[in-house]
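The values are calculated or read from the model by the stated rules, or taken from the named source; none is laboratory data. What you see is a predicted model; the values in this text were computed from it and never measured. When we count neighbours, we look across all protein chains shown, and the Cβ atoms used for this are built from the backbone with ideal geometry, even at glycine.
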Amino acid sequence: MFLDIATDDPHRRALVDDFGTVRTFGELYERATRLGHAMRAAGVPVGGHVGVLTENRAEYFELYLAALVSGAWLVPINGLLSPAEVDYVVSDADLTLVFAEDELAPLLPTECAVVRFGPEFEALVAAGDTAPFPSDGPPGSRFSYTSGTTGHPKGVKRAIPATVSEMLRAQSTAGTDVALDGDGVHLVTGPAYHAAVGGFAFFDLCNGATLRIMRRFDAARTVALIEAEQVRRTHLVPTMMVRMLRLDDDQRAGDFSSLEVVLHGAAPIAPVVKQRMIDWLGPILVEYWGTSEAGVFTRVDSAEWLQHPGTVGRPVPGFEVFAVDDADARLPPGEVGRLFCHTPGRDQPFSYWNAPDKTAAAYLRPGVFTMGDMGRVDDDGWIFLADRATNMIITGGVNVYPAEVEQVLLEHPAIVDAAVFGIPDEEWGEQVKAAVECAEGKTTTTDELLAFARERLGRHKVPRSIDIHDRLPRQPNGKLYLETLKAPYWDGHDRRI
């Protein structure tokens, strides 16, 4: 656990970032303690909220730990949000203080109390007391906001243990549940403000890993760092994998034998992409299914996935997963329905901030909740996702799951990214529409892509039309701004399904 390492092995490296910052476990614990006391002195009470608006850097994880040991809630703010969306998060979360980078600070409202990284941040650290917070005191955690791809972002708070020591132990256990055992270097490739990327990195840190923090993702540099720094574990989203697979053979020909775990699951992955990654790096991919709201629900390693292609795994300890029909009756194995998770002993593992109606709508009964995912559970308990219920296209009364169509389009050698969604159709209600992005140096045509899809999909699933974009509007965490693509087609209509 983190406190044991900080005490017994204080000189072990904990954080290394692209600014050249290096922190040992002892230094990290001392700085987090100082920060916690400094935040208290600045008016952040136990249970209070502080924000952080930054790209990846060591200070993010210092703040994460400082909030945990001092009993505060850290709200990571996505730097890709508009000023209006940032203003909403700051106001909705009732932030006492926000830590920010110089280039992102202008996104914040003028009345917001801001501490900028650099001399101002270091002065705050230096002013903080070094007296450790009691391990049996109330812990803090991360207070996440959804990405804001449609409407206002939603604040999410998870239920947390009663004490700091229990909270740190829970972080360690969550890491071991997904093969993050703390041994060696963990490469942080995606934005740490994302619940999966930052959360998994912190789990591994609590088990003893050194976090090598990339400022932002770059496919060629990621491959180079894995070899040069003998990276043991990392988290990748599918779009990152696709870009890595599109690199020249020379760039992918290094020695990656140090790599033991590639964790993924923040977005759906095409089976062909996963198979190519396994062929390249070996059977080291560990997939999970989970959400910002309640963490990880399932896990599957590469050997299991090869035996059950397309599965997102079986439930991790503490979860049960089942599918229900439109009447909320449990479905038999193999039938697609809304997926619910059951957490025995925890009536409300998460809640939406300032939104009791949304919280209530997520629960079927105490301890049983859904995120709106559609899928099935087979006879042996393996779970297969279909899509989000809100993404489903109904064309002529037939359900089409966009993820299935996207996976086929990604099999085309020229395509690096794909998005499928419904657009209005006078006769059929909705028609299947696709938008794709070509890999660098690759070209194709709409007619070629449609022919490719017809060979691999049922007629009702084939897109009626395909747009080729220079770049699809994705966030660094892999989430798509789907509304940006859909809006022009639904303009003037009074519904979006």
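Tabulated results
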quantity	calculated
Every residue from segment 97-154 that is of a type in the set (Gly, Ala, Ser) and touching an Asp or Glu at 6+ places or on another chain (Cβ under 7 Å)	GLY148
Boolean, GLY198 is in contact (Cβ under 8 Å) with a residue 12 or more places away in the chain and over 21 Å from ALA355 (Cβ atoms)	yes
Check on VAL262, surrounded by 14 or more Cβ atoms within 10 Å (Cβ to Cβ) and part of a helix (DSSP H, G or I)	no
Exclusive hit being under 30 Å from ARG456 (Cα atoms) and among the β-branched types (Val, Ile, Thr), set THR395, THR370	THR395
Leading residue by the ranking (surrounded by the fewest Cβ atoms within 10 Å (Cβ to Cβ)) among those in segment 97-125 that are touching a helix residue (DSSP H, G or I) at 6+ places or on another chain (Cβ under 8 Å) and β-branched (Val, Ile, Thr)	VAL114
Scope segment 209-259; condition in contact (Cβ under 8 Å) with a residue 40 or more places away in the chain, hydrophobic (A, V, I, L, M, F, W, C) and assigned to a loop (DSSP other than H, G, I, E, B); matching residues	MET214, PHE217, LEU236, VAL237
Filter pass, VAL286 being part of a strand (DSSP E or B), without any contact (Cβ under 8 Å) to a residue 60 or more places away in the chain and closer than 28 Å to PRO413 by Cα	no
Residue check for LEU68: within 23 Å of LEU3 (Cβ to Cβ), outside the structural domain of PRO476 (by TED's automatic domain parsing) and crowded, with 24+ Cβ neighbours inside 10 Å	yes
Selected residue (criterion: surrounded by the most Cβ atoms within 10 Å (Cβ to Cβ)) from residues of segment 440-466 that are within 25 Å of ALA487 (Cα to Cα) and hydrophobic (A, V, I, L, M, F, W, C)	ILE466
Members of segment 276-292 found to be surrounded by fewer than 21 Cβ atoms within 10 Å (Cβ to Cβ) and either of a type in the set (Asp, Glu) or more than 23 Å from ASP373 (Cβ to Cβ) (or both), listed by number	ARG276, ILE278, ASP279, TRP280, LEU281, GLY282, PRO283, ILE284
Tally, over segment 172-216, of residues that are under 18 Å from PRO76 (Cα atoms) and not aliphatic (A, V, I, L, M)	12
Whichever residue in segment 126-164 is buried (at least 20 other Cβ atoms within 10 Å of the Cβ) and among the aliphatic types (A, V, I, L, M) and, among such residues, is nearest to TYR29 (Cα to Cα)	VAL164
Any hit, segment 34-41, residues being surrounded by fewer than 18 Cβ atoms within 10 Å (Cβ to Cβ) and either in contact with a Cys (Cβ under 7 Å, 6 or more places away or on another chain) or modelled with pLDDT of 95 or more (or both)	yes
Breaking point among (1) more than 30 Å from GLY48 (Cα to Cα); (2) of a type in the set (S, T, N, Q); (3) exposed (fewer than 13 other Cβ atoms within 10 Å of the Cβ), for SER302	(3)
Options PHE217, PHE256; residue that is buried (at least 16 other Cβ atoms within 10 Å of the Cβ), closer than 30 Å to LEU482 by Cβ and not assigned by TED's automatic domain parsing to the domain that holds LYS479	PHE217
Any chance GLY208 is in contact with a helix residue (DSSP H, G or I) (Cβ under 8 Å, 6 or more places away or on another chain) and of a type in the set (Gly, Ala, Ser)	yes
Number of positions in segment 179-190 that are surrounded by 23 or more Cβ atoms within 10 Å (Cβ to Cβ) and more than 19 Å from ALA228 (Cβ to Cβ)	2
Residue identified as touching a residue at least 40 places away in the same chain (Cβ under 8 Å) and either in contact with a helix residue (DSSP H, G or I) (Cβ under 8 Å, 6 or more places away or on another chain) or charged (D, E, K, R) (or both) among GLU430, GLU437, GLU448	GLU430
Residue check, LEU15 over 19 Å from ASP129 (Cα atoms), touching a helix residue (DSSP H, G or I) at 6+ places or on another chain (Cβ under 9 Å) and of a type outside the set (S, T, N, Q)	yes
Residue among ASP378, ASP357, ASP326 that alone is acidic (Asp, Glu), modelled with pLDDT of 95 or more and loosely packed, with under 15 Cβ neighbours inside 10 Å	ASP378
Entirely in segment 305-418, the strands (runs of 3 or more DSSP E) that have 3 or more residues that are in contact (Cβ under 8 Å) with a residue 40 or more places away in the chain	320-324, 337-342, 350-352, 373-377, 383-388
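Table: residues versus (1) touching a strand residue (DSSP E or B) at 6+ places or on another chain (Cβ under 7 Å); (2) of a type in the set (Ser, Thr, Tyr); (3) touching a residue at least 12 places away in the same chain (Cβ under 8 Å); (4) within 19 Å of PRO153 (Cβ to Cβ).
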{"site": "MET1", "(1), (2), (3), (4)": "no, no, yes, no"}
{"site": "HIS37", "(1), (2), (3), (4)": "no, no, yes, no"}
{"site": "ALA42", "(1), (2), (3), (4)": "yes, no, yes, no"}
{"site": "TYR60", "(1), (2), (3), (4)": "yes, yes, yes, yes"}
{"site": "VAL114", "(1), (2), (3), (4)": "yes, no, yes, no"}
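Residue-by-condition table, conditions (1) over 23 Å from GLY36 (Cβ atoms); (2) in the same structural domain as SER82 (by TED's automatic domain parsing); (3) among the basic types (Lys, Arg):
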{"residue": "PRO106", "(1), (2), (3)": "yes, yes, no"}
{"residue": "VAL115", "(1), (2), (3)": "no, yes, no"}
{"residue": "GLU120", "(1), (2), (3)": "no, yes, no"}
{"residue": "LEU124", "(1), (2), (3)": "no, yes, no"}
{"residue": "TYR145", "(1), (2), (3)": "no, yes, no"}
{"residue": "LYS157", "(1), (2), (3)": "no, yes, yes"}
{"residue": "VAL164", "(1), (2), (3)": "no, yes, no"}
{"residue": "LEU168", "(1), (2), (3)": "no, yes, no"}
{"residue": "GLN171", "(1), (2), (3)": "no, yes, no"}
